[in-house]
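All remarks here apply to the structure that follows.
Only the coordinates and a few stated rules stand behind these numbers; no lab work does. For clarity, every value in this text was computed on a predicted model and none was experimentally measured. Neighbour counts run over all protein chains shown; Cβ positions are idealised from the backbone, glycine included.
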Amino acid sequence: MESKRHLLSGSEGVKVRKHTSPMTNSASSSARYYLTTPIYYVNARPHLGHAYTTIICDAIARRKRALGIETWFLTGTDEHGQKIERSAALAGRTPMEFATAIAGEWRGLWDRLGLTYDDFIRTTEDRHVRGVQKLFSTLRDRGFIYKGSYTGQYCVSDELYVDGPAGTVCPDCGRVTETVSEENYFFKLSAFERRLLEFYQANPGFMGPESTRREVISFVRGGLRDLSVSRTSFSWGIPVPGDEKHVIYVWLDALANYITALGYGSDDPADQARFAKFWPADLHLIGKEISRFHCVYWPAFLMAAGIPLPRSVMANGWLLFDQGKMSKSRGNVVRAETVLEVLGADALRYFLLREIPFGQDGGFSFDALVQRYNGDLANGYGNLVSRVVNMVHKYFGGVVPKAGAETAAEIALRECTAKTIADFGPAFDELNFSEALKTLWVLVAETDGYLTANAPWKKPADRSEADHAALQARVLATAAEAIRIITALVYPILPDSAAKVWRQLGQDEIAGAAKKSFLTQIAWGGLRPGTKFGEPAPLFPRVEKDAVERMQNIEDQNSPATREAAAKTADATSTPKQAPAASHVPAKSGTATPAPAAKTGKKGAVVSEKSEKQTSLENAPVDSVGVDAANEAHAYETVALASSPAASAMQSPTPPQAAAEPQLAPPQEPQKISIDDVLRVDLRVAQILVAERVPKADKLLRLEVDLGYEKRQILAGIAQFYEPEKLVGRKIVIVANLAPRMMRGLESNGMLLAASLPDGAPVLAGFLEEVPLGARLK
Ligand code: MSP
């Protein structure tokens, strides 16, 4: 039996339903708030897309706490399933070792970003296993689970059952599905079709934004079929109680984290009390691609088990990079650490929440990030704070003066502040973070304008000293008060910076204030005259354009693929036997100076100098990618190969052409290699599944190829010679054990082989007979 699949991800303009905000949902208890992120798969390392969802949750949690609401913020890692089992095997580790290492990275990043989660659940923990088994037993005891058999298609990457014949492509990720034929337990999802539709109708605020709601409803209206909820063909999962050869379907396992983390399934009274206190969740924040699991399967499981349903599920849009969803499989990821290192966590938080209207997809670029940082933070809020704090120090010895009687200008600023307070909260609570920040930055600009218009630093000749002192006091006290309110409101989004400003304004620690629900008492007038300001301190030092380059460089150097490439290539050069390419080391004098193997070292092998890349390219005949010297990827791959003996053997003995760069010596004589050397290059038959041009890279094609045992992405510099559409389906030869490399923000994992014609055109290597995918060339 097959479950019906449906794509619940669209990117049309979206709006959260106004009248039923998840934050103001009438059903929610105002004293407590429980919110969750999705739990993240441990087959990949965190990137900005994941950080986006988690940062939104953190901002909400901080605001809730600062409003005096007892908040529980849960995140964690999703560690079971076939995908993780395979990733661990590839890494040569047990699934548990593998999951523990990667889960540590996720948690470590959240800590570095200063995220204030209250609990971090791992699905391999006992508390979770126990809870999932209890949920499964409950569903079975209540008659909603039965045994049957399933033959059909399954996408391991998305852990998703897909309709269609063998070879069907997963509609979510585009990978070819696998055929599975198993005895399974089934959940009677079909029994919940009507109940779910009634529930959605009665609870219009249950899911959002509107596009998600529409898609979910149309999916359910299209008819629900029973869902396979166990697998027998692999073992990395939670055993079905009483029938241990089955493991529980990874989505049933994963979704249950929202209750097991609170204590569902535990006999401990403290756990039971926590569960009773916080369940049902107020908000499951998710990425839009997993709304079906959260809005259809999860409520159905809960209804079947007799457990109350969450109050809302809200889907954020995708963070895009290089025009595609930022994702490991596309290879177009940016790591949060990179932004953290150059601009800090607050800059990242501000950018993500200000730039992308919640629910919509949003493009990420280093340029846009730096522009927002300089424009809104350095020149906007940061500059305003610095001007006012410095002037209070300069003119009043750092002590807040008495403002005195208001003039029309102060009344206007006070009213603008009141309006901001009135508008900011509801916008934020409706998840319209971008609107909320826009509103707040109107107040930043108004305060700045007020300061400039009244110019307390400039005494006109016709103004008396006393009048000027009164104006300075009035203007600075008023501006400082506006800053206090701006800072309180922005605290959930810029917690570190707000803490610094709070200190400069002579207030207690903001974290302490947040615990005392300070956001409920921020009305005008809170900054008392006589308050002693703290020392001025820089908030957002302006950055130059090179910050973009710095981030790009860090990203290129630290991306997992590059690290792996560096490590592998370094390994390959660590013994003299493996480093025969001494003649490719540029000689300082421009003459041939064969270097000892050790001197080629790691750097020589990874090669960043242009001259090395170029020369290697010129020497590479059997390399379709290498025909294009302007193609960085190509150059790299050739050089990486050149660091291995077999690769050297593949190079033409043709001497390098004369160039302005230092001359490299040709090999003295063609190097002979052993059969072992040849076998070190893993040449395989692959089939092209996807071929497309890479935006803004005339010469590059992005290929997805199937090796039979795995699929991967390769970038090849053949766009000027091959129409992408004509390549799909073609069987080619690739170097399968080439270290991966990032190019144009995409990972290239392998290299195509082609004959190189005299004019430089490549002709892809292929076969006249039928060959199976993955077959090795020896
Ligand atoms: N393990 C499942 C979720 C189980 S929840 C019970 C899963 N994990 S995931 O690691 O693949 O992705 C988790 C979430 O990361 C996505 O749902 C989404 O919230 C976030 N994102 C991953 N890539 C993203 C973008 N490029 N943009 C925005 N969010 C992204 O699915």
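Seen from all directions on average, the range 201-293 presents a Cα convex hull projection of 8.3 nm². For the range 139-154, the residues whose backbone nitrogen is under 19 Å from a point 7 Å from the Cα of Arg195, taken along Cα to Cβ, are 139-147.
Rounded to the nearest whole Hz, the Karplus-based 3J(HN,Hα) values (6.51 cos²θ - 1.76 cosθ + 1.60, θ = phi - 60°) of the range 551-557 follow the sequence 5, 4, 5, 4, 4, 4, 6, with x at glycine and proline. List the trypsin sites (Lys or Arg not before Pro) within the range 425-511 that fall in a DSSP loop (any state other than H, G, I, E or B) and whose Cβ has at most 14 other Cβ atoms within 10 Å. Here the sparse-neighbourhood loop sites are Lys458, Arg463. Computed over neighbours whose Cβ is under 13 Å from that of Thr124, the net charge equals -4, Lys and Arg +1, Asp and Glu -1. For Leu320, the residues 5 or more places off, or on other chains, whose built amide H falls under 5 Å of its own are Met326, Gly362, Gly363, Phe364. Can you give the extra length, in nm with one decimal, that the chain gains between Ala31 and Leu773 once fully stretched, where that is 0.36 nm per residue apart less the Cα-Cα distance? Stretched out fully, the Ala31 to Leu773 stretch lengthens by 261.2 nm. The Cα atoms of the range 256-395 cover 63, 45, 23 Å along the three principal axes, with the biggest extent listed first. Karplus-based coupling profile of the range 172-178, in residue order and whole Hz: 7, 10, x, 7, 6, 7, 9, with θ = phi - 60° in 6.51 cos²θ - 1.76 cosθ + 1.60 and x standing for Gly or Pro.
Going highest first, how would you order 439-449, 262-272 by mean Cβ packing within 10 Å?
439-449, 262-272
Distance between the pseudo-spin-label points of Ala445 and Thr179 (7 Å out from Cα toward the beta carbon): 6.2 nm.
Given in Å, the Rg to one decimal and the Dmax to the nearest whole number for the Cα atoms of the range 248-300 are 12.2, 37. What is the diffusion coefficient of the range 706-778 in µm²/s, taking the Kirkwood radius over Cα pairs and the Stokes-Einstein relation at 37 °C with a viscosity of 0.692 mPa s? The estimated diffusion coefficient comes to 243 µm²/s. Note that the range 416-530 carries a Kirkwood radius of 15.3 Å, evaluated over its alpha carbons pair by pair. Taken over the range 135-288, the percentage of Cα pairs per 10 Å bin, counting from 0 up to the bin with the maximum distance, is 9, 29, 39, 20, 2, 0. For Ser228, nonlocal amide neighbours, meaning residues 5 or more places apart or on other chains whose placed amide H falls under 5 Å from its own, are Ser3, Phe187. By the compact-protein rule of thumb, 2.2 N^0.38 Å, the alpha-carbon radius of gyration of the range 381-484 corresponds to a ratio of 1.16.
Computed from backbone phi with θ = phi - 60° and the Karplus coefficients 6.51, -1.76 and 1.60, the 3J(HN,Hα) list for the range 160-169 is 9, 7, 10, 6, x, x, 3, x, 4, 8 Hz; x is used for glycine and proline. For the range 121-181, the spread of Cα coordinates along the three principal axes comes to 37, 29, 16 Å, biggest extent given first. Counting only aspartates and glutamates at least 8 places from Lys438 when in the same chain, those with an alpha carbon closer than 13 Å to its own are Glu355, Asp376, Asp423, Glu446.
For a paramagnetic label modelled on Trp524 (point 7 Å from Cα along Cα→Cβ), amide N atoms under 20 Å away belong, within the range 483-505, to 483-490. For the range 181-336, a crude dipole built from +1 on the beta carbon of Lys and Arg and -1 on the beta carbon of Asp and Glu, taken about the Cα centre, is about 580 debye to the nearest 20.
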